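The values are calculated or read from the model by the stated rules, or taken from the named source; none is laboratory data. Not measured: the values here are computed from a predicted model. Don't worry about glycine lacking a Cβ; one is built from the backbone with ideal geometry, like all the others, and counts go over all protein chains shown.
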Amino acid sequence: MEEKADRPSELLRWLVPVFLVVVIGAILVYAKDEVDRRLARAGGTWSIDFGILPDWFPPGFKGQLESLQSVPSRVSLLSIRWREETQRELTENPWVARVERINRTAHGIGFEGQFNRPSIGVRCEGGWLLVDGVGRIIDFQSGDFLAEAWRIPEYIPEQGDLQRIDPGQILRGSEFAELLSVMAVLWQERIFDRVPGFIQELAVTRDEGGERLWRFHTNVGIPLGWGRAPASAAPKVSTIEKKLGCLRQILEVREQLQIAGNVQGISLCSGDEPLVREDW
């Protein structure tokens, strides 16, 4: 009988430590979360190493990168979830295309990744919208001219300067669809990396039927006529490959064109050979 009476006491002695461990564990988890929350509210400081930026990023330009400075106020650097939270904050920045690595440094946090590169600068009130290949606004640069370091052309919309648009929004409409389709071809050909600064501006005119005709303004002072954009629904006079073939020929003789002062313009959409135009 005494042995049976001792069994509940032994069970109680076994359960009490287990219960205490569970309670203490719950208290520790709560305390850790509370510390994380307080640290997140308290924030902190870190510095952006602008040396990691690509060579096409203009010196001194910060734009939306400045918003990265506020990440410590939203992320606890001592949290066990700091890496995931930092990655989420970074990828919400319009400049950050992909985060490949996040690590602690002597000064706080560092990361490696890829940046979104602007495809073209579109004129707006007070400056330029830096636009990527799908028409998304990455950032804004003030001033009358784009920084040369971007290695991208300028474009003034048909209706004139746009209102300033916030980063993350998309340029919509047939005009910008055509613009981006032309730019996609030029980027695929790597024009802006192989011969930076050659095409300085894209412009548009209308033919007798009201269709847009696209033209490149070059640094040799001679406009190049591309014709209808790939995204245009109107019939095309020439294929994209023929136009690119003509453009490649122009690039080979661009130095000679620079000293030729009697060329009014050159059409890239008139066949296999570029056609000098005198009626521009």
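Quick rundown of the values:
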{"item": "Residues (of a type outside the set (Ser, Thr, Tyr), farther than 25 Å from Ser232 by Cα and surrounded by fewer than 17 Cβ atoms within 10 Å (Cβ to Cβ)) located in the stretch 117-162", "result": "Glu125, Gly126, Gly143, Asp144, Phe145, Glu148, Ala149"}
{"item": "Filtered residue count, the stretch 117-135, keeping only those that are under 12 Å from Leu179 (Cβ atoms) and either under 8 Å from the mean Cα position of the chain (by Cα) or of a type in the set (Phe, Trp, Tyr) (or both)", "result": "1"}
{"item": "Matching entry among Gly113, Gly168 (being small (Gly, Ala, Ser) and part of a loop (DSSP other than H, G, I, E, B))", "result": "Gly168"}
{"item": "Filter result for Leu146 (in the same structural domain as Phe216 (by TED's automatic domain parsing), of a type in the set (A, V, I, L, M) and in contact with an Asp or Glu (Cβ under 7 Å, 6 or more places away or on another chain))", "result": "yes"}
{"item": "Candidates Leu275, Leu268 - the one that is in contact with a helix residue (DSSP H, G or I) (Cβ under 9 Å, 6 or more places away or on another chain) and touching a residue at least 40 places away in the same chain (Cβ under 8 Å)", "result": "Leu268"}
{"item": "Answer from Arg212, Arg277 - the residue that is within 18 Å of Ile156 (Cα to Cα) and in contact with a strand residue (DSSP E or B) (Cβ under 9 Å, 6 or more places away or on another chain)", "result": "Arg212"}
{"item": "Residue identified as at pLDDT 95 or above, out of contact with any helix residue (DSSP H, G or I) (no Cβ under 7 Å at 6 or more places or on another chain) and acidic (Asp, Glu) among Glu208, Glu201", "result": "Glu201"}
{"item": "Every residue from the stretch 90-108 that is surrounded by 16 or more Cβ atoms within 10 Å (Cβ to Cβ) and at pLDDT 85 or above", "result": "Leu90, Asn93, Pro94, Trp95, Val96, Val99"}
{"item": "Within the stretch 103-129, tally of residues that are in contact (Cβ under 8 Å) with a residue 60 or more places away in the chain and on the phi < 0 side of the Ramachandran plot", "result": "8"}
{"item": "Scope the stretch 183-212; condition buried (at least 18 other Cβ atoms within 10 Å of the Cβ) and either small (Gly, Ala, Ser) or without any contact (Cβ under 8 Å) to a residue 24 or more places away in the chain (or both); matching residues", "result": "Leu186"}
{"item": "Filtered residue count, the stretch 210-250, keeping only those that are assigned to a strand (DSSP E or B) and under 20 Å from Glu175 (Cα atoms)", "result": "10"}
{"item": "Complete set of residues in the stretch 235-279 that are surrounded by 13 or more Cβ atoms within 10 Å (Cβ to Cβ), under 31 Å from the mean Cα position of the chain (by Cα) and more than 17 Å from Val185 (Cβ to Cβ)", "result": "Arg254"}
{"item": "Hits in the stretch 136-150 - residues which are touching a residue at least 60 places away in the same chain (Cβ under 8 Å) and within 14 Å of the chain's Cα centre (by Cα)", "result": "Ile138, Asp139, Phe140, Gln141, Trp150"}
{"item": "Gly245 more than 19 Å from Pro153 (Cα to Cα), of a type in the set (Gly, Ala, Ser) and modelled with pLDDT under 95", "result": "no"}
{"item": "Leading residue by the ranking (farthest from Phe192 (Cα to Cα)) among those in the stretch 41-88 that are at pLDDT 80 or above and among the basic types (Lys, Arg)", "result": "Arg81"}
